[in-house]
Amino acid sequence: MNLIAEKTISFEDAISLAQNFIEGLETISETEKEEIVSALALSNNGARGFFVAYLTSENPVVDQEFVGILNGLKTSPEIVSELLVKNVAMSTAMKFTHQRNNDEVMASKSQRVTHRSLNFIKKLSLTQTEEKIKQLKKNIETGQGVYQKFLTRWQYDLEQKEAIVNIFS
């Protein structure tokens, strides 16, 4: 599989590349997996596109543990940890939104994204992730911090914020 991701990759192109990667996941070596994911994780757009495609994929193959993917993600710990923490927060909060709208299918999909994101957090064991989780929880508790813009943008209510804190506890 020929895949080149540059630091200037668009978010949309990264999603497309990641979807193609997922389709061929069982046919490429762990070394190739690592190279591809490392290339995508070089930039925020690349990593975001990877996570959007991977975490929401209907393909059950993504629930397998691939050493190459984990090693590829570890090459960009700052970007990856930030996105994983935000993915857990967003999918946890969205589960409530979907449940309130009586959309159990979408609530289940949000729960799956939360589960997959938490699994990556556990498997990667990045020190940056633990720090970001602490910052997010403190921000929710105090209303101040580096995640305030993120929290304000998505307008999470008290129940959603409590769920975010609890999912990380």
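A simple rule links phi to the HN-Hα coupling: the Karplus curve 6.51 cos²θ - 1.76 cosθ + 1.60 with θ = phi - 60°, which for segment 126-142 gives 7, 4, 4, 5, 4, 5, 5, 4, 4, 5, 5, 4, 5, 4, 5, 6, 9 Hz, with x for Gly and Pro. Distance distribution P(r), segment 7-89, all Cα-Cα pairs, bin width 5 angstrom from 0: 3, 17, 29, 29, 18, 4, 0 percent.
Our helix-only sum for the chain, with -39,500 (n - 2.57) per DSSP H run of n ≥ 4 divided by its residues, gives a mean residue ellipticity at 222 nm of -23500 deg cm²/dmol. Which residues among segment 92-112 fall inside the zone where the amide N is under 15 Å from a point 7 Å beyond the Cα of Glu162, along Cα→Cβ? Under cut-off, by backbone N: 93, 96-97. Taking a ≥ b ≥ c as the square roots of the eigenvalues of the Cα gyration tensor, an a/c ratio of 1.5 or more together with a/b no larger than b/c marks segment 47-107 as oblate.
Bin all alpha-carbon pair distances of segment 15-146 at 10 Å intervals from 0 and give each bin's fraction as a whole percent. Going out from 0 Å in 10 Å bins, segment 15-146 shows 13, 42, 33, 12, 1 percent.
If R0 is 30 Å, the Cβ-Cβ spacing of Thr8 and Val146 corresponds to a FRET efficiency of close to 0.70. Note on Arg153, Arg112, Arg100: ascending count of other Cβ atoms within 10 Å places them as Arg153, Arg100, Arg112, the fewest first.
Using alpha carbon centroids, what distance separates segment 7-65 and segment 69-139, in Å? With segment 7-65 and segment 69-139 each reduced to a Cα centre, they are spaced 16 Å. Answer rounded, prolate or oblate for segment 77-169, using the Cα gyration tensor with square roots of eigenvalues a ≥ b ≥ c: rounded when a/c is under 1.5, else prolate when a/b is larger than b/c, else oblate. Judged from the Cα gyration tensor, segment 77-169 comes out oblate (a/c at least 1.5, b/c at or above a/b). In order along segment 22-32, the Karplus-derived 3J(HN,Hα) couplings, from 6.51 cos²θ - 1.76 cosθ + 1.60 at θ = phi - 60°, round to 4, 4, x, 3, 7, 10, 10, 6, 4, 4, 5 Hz, and Gly and Pro are given as x.
Extension gain, Glu78 to Lys122, is 14.3 nm, computed as 0.36 nm per intervening residue step minus the present C-alpha separation.
Backbone phi angles across segment 81-88, fed through the Karplus curve with coefficients 6.51, -1.76 and 1.60 (θ = phi - 60°), yield HN-Hα couplings of 5, 4, 5, 5, 4, 5, 5, 5 Hz in residue order; Gly and Pro are listed as x.
Values in this text are rule-based calculations from the coordinates and carry no lab data. This is a predicted model, so every value here is computed, not measured. Every residue, glycine among them, receives a Cβ derived from its backbone with ideal geometry; neighbour counts consider all protein chains shown.
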